[in-house]
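The values are calculated or read from the model by the stated rules, or taken from the named source; none is laboratory data. Here the structure is a predicted model, which means the values were calculated and not measured. Every residue, glycine as well, gets a Cβ built from its backbone with ideal geometry; the counts of neighbours run over all protein chains shown. Ligands, DNA and RNA are excluded from the accessible area calculation, which covers all protein heavy atoms including side chains. Shrake-Rupley method; radii C 1.70, N 1.55, O 1.52, S 1.80 Å.
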Amino acid sequence: MAVSESMTETEIIQQADKPQQVDLDRCVHCGLCLNACPTYRELGVEMDSPRGRVYQMVQVSAGAPITDSYREHIDLCLACRGCESACPSGVQYGKLVEAARADIENHTERPFLTRAIRDFVFRKLLPSRALLTAAGASLWVYQASGMQRLMRATGLTSLLGPLGAREALTPAAQIPFFFREIGKTFPAEGQRRHRVAFMAGCIANISFARLNEATVRVLQKNGCEVVIPGAQSCCGALHMHAGIRDEARRLARINIDAVLNDQAGEFDAIITNAAGCGSTLKEYDELLEHDAQYAPLAKKFKSKMKDVTEFLASIELNRDMAPVNATVTYQDSCHLAHGQKVRKAPRELLAAVPGLKFQEMPLSDICCGSAGIYNVLHTDLSMNILEKKMGNVNLTRANIIATANPGCMLQLEAGVRKWGRGGERVAHVVEILDEAYRKGKNA
Ligand code: SF4
Ligand code: SF4
């Protein structure tokens, strides 16, 4: 993007928050990405393929209006970045689609109710521990009181129409919430070899509280002192997906301050167990590149940011594990495989667990249809994609389906309930390690 001295900061940001010509020009329209695209595979429509979407972005960039049709095709993209891995020309499709959504957000008006809901969810709920706790507590009451079971058993959810299908995707609220651990430091087991910061997420504090605890335990077992920075917030990944970049930037600054201003010194690594969050956390440098104060800090933050599987595979792994006797398959989380190019690390960790038999599934790096809140917004298409995914999962006859992202876990759990063989479970890679460590000799 060309920046002239006379441009104000707002003008620079507005220019940056749209697809850049230099990125669009990389596409040579070869179509080699089409087969890697779940929406194209499902719908067979060129405008719902990566090449078709890039073509539409080029038109808008050249002055064509942002129409409802353009918005629909961009909205229907999972932002899974499968096309990025397939593209021989190096098109950074994830960057393009996020910029296109920001452009849509900045230049079109949504209906009042949609705007109000989006404002509440993205600007009030997700960044607020108090509101998330209140929402989580209500969800827990709905589930623990038996109301959810009753609704499902009596088929009342089906009377809710499309809302009923979404209800099936509701995550379980896990008490106690992980929020109570934020601000604490957990010592390394044995000799301290690393000092790491752990980013606990937003909704994960409620629905993946046990996963977060398992992550901390596994890091401790591997000689890490684990600090959960007290001032951390939601990472802004869902905001980036939705094109709400001003709020994503605000959250990025909060997280950078929370981690880099730690009084006890520098961290060896900043860890997340959520591939979707990790992609955004690793791209804070791009998000803040026009912020003179934060750009260098964002670069430093990025240099230390690691997915938990990537980090564990890079250090000397504690091998004091008991056997986990099961057949496991691995679903690549899109934002880990395509976004962060981390494919080997989770497989290496699973191979290190004694007793575990690994069975690769066909098309493991095709999206499961979760994609942040895509499954809630485009439930039918998401379920069609999931049904195909479960067909491939079932071919492996695995009893554990491992993955590395909480959103994928929820989606795969819904898939197991609907199309599973029966008895299999979904687990994060670190949960399997945790299980092996807890049964280990020195547990
Ligand atoms: S995005 Fe890449 S693979 Fe797809 S049409 Fe363009 S150049 Fe070809
Ligand atoms: S990000 Fe995924 S859904 Fe979107 S165009 Fe690329 S492959 Fe298709």
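For LEU297, which of the numbered conditions (1) touching a Leu at 6+ places or on another chain (Cβ under 8 Å); (2) open to solvent by less than 50 Å² (accessible area, probe 1.4 Å); (3) in a helix (DSSP H, G or I) fails to hold?
Result: LEU297 passes all but (2).
The conditions are (1) closer than 20 Å to ASN35 by Cα; (2) open to solvent by less than 10 Å² (accessible area, probe 1.4 Å); (3) more than 15 Å from the chain's Cα centre (by Cα), and SER370 fails exactly one of them. Which is it?
Going through (1) closer than 20 Å to ASN35 by Cα; (2) open to solvent by less than 10 Å² (accessible area, probe 1.4 Å); (3) more than 15 Å from the chain's Cα centre (by Cα) one by one, SER370 breaks only (3).
Checking PRO362 against (1) part of a loop (DSSP other than H, G, I, E, B); (2) touching a residue at least 40 places away in the same chain (Cβ under 8 Å), which single condition isn't satisfied?
Exception for PRO362: condition (2).
In region 100-116, how many residues are in contact (Cβ under 8 Å) with a residue 60 or more places away in the chain and basic (Lys, Arg)?
1
Pairs only if they're at least six apart or on different chains, beta carbon under 9 angstrom, first in region 70-99 and on the phi > 0 side of the Ramachandran plot and near ligand 2 (Cβ under 8 Å from one of its atoms), second open to solvent by less than 40 Å² (accessible area, probe 1.4 Å) and of a type in the set (Lys, Arg); list them, first residue then second.
ALA79/ARG101
Return a yes/no flag: does region 314-324 have any residue that is touching an Asp or Glu at 6+ places or on another chain (Cβ under 6 Å) and part of a helix (DSSP H, G or I).
No, every residue in region 314-324 fails to be touching an Asp or Glu at 6+ places or on another chain (Cβ under 6 Å) and part of a helix (DSSP H, G or I).
Pull up region 46-98, narrow it to residues that are of a type in the set (Phe, Trp, Tyr) and touching a helix residue (DSSP H, G or I) at 6+ places or on another chain (Cβ under 7 Å), then point me to the one that is nearest to GLY407 (Cα to Cα).
Taking the candidates together, the pick is TYR93.
Search region 43-68 for residues being touching a residue at least 12 places away in the same chain (Cβ under 8 Å) and open to solvent by 50 Å² or more (accessible area, probe 1.4 Å), and hand back the single one that is nearest to ligand 2 (Cβ to nearest atom).
ARG51
A quick yes/no check of all residues on (1) among the charged types (D, E, K, R); (2) more than 20 Å from THR327 (Cβ to Cβ):
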| site | (1), (2) |
| --- | --- |
| GLY355 | no, no |
| PRO362 | no, no |
| GLY369 | no, yes |
| ARG397 | yes, no |
| ALA414 | no, yes |
| GLU424 | yes, no |
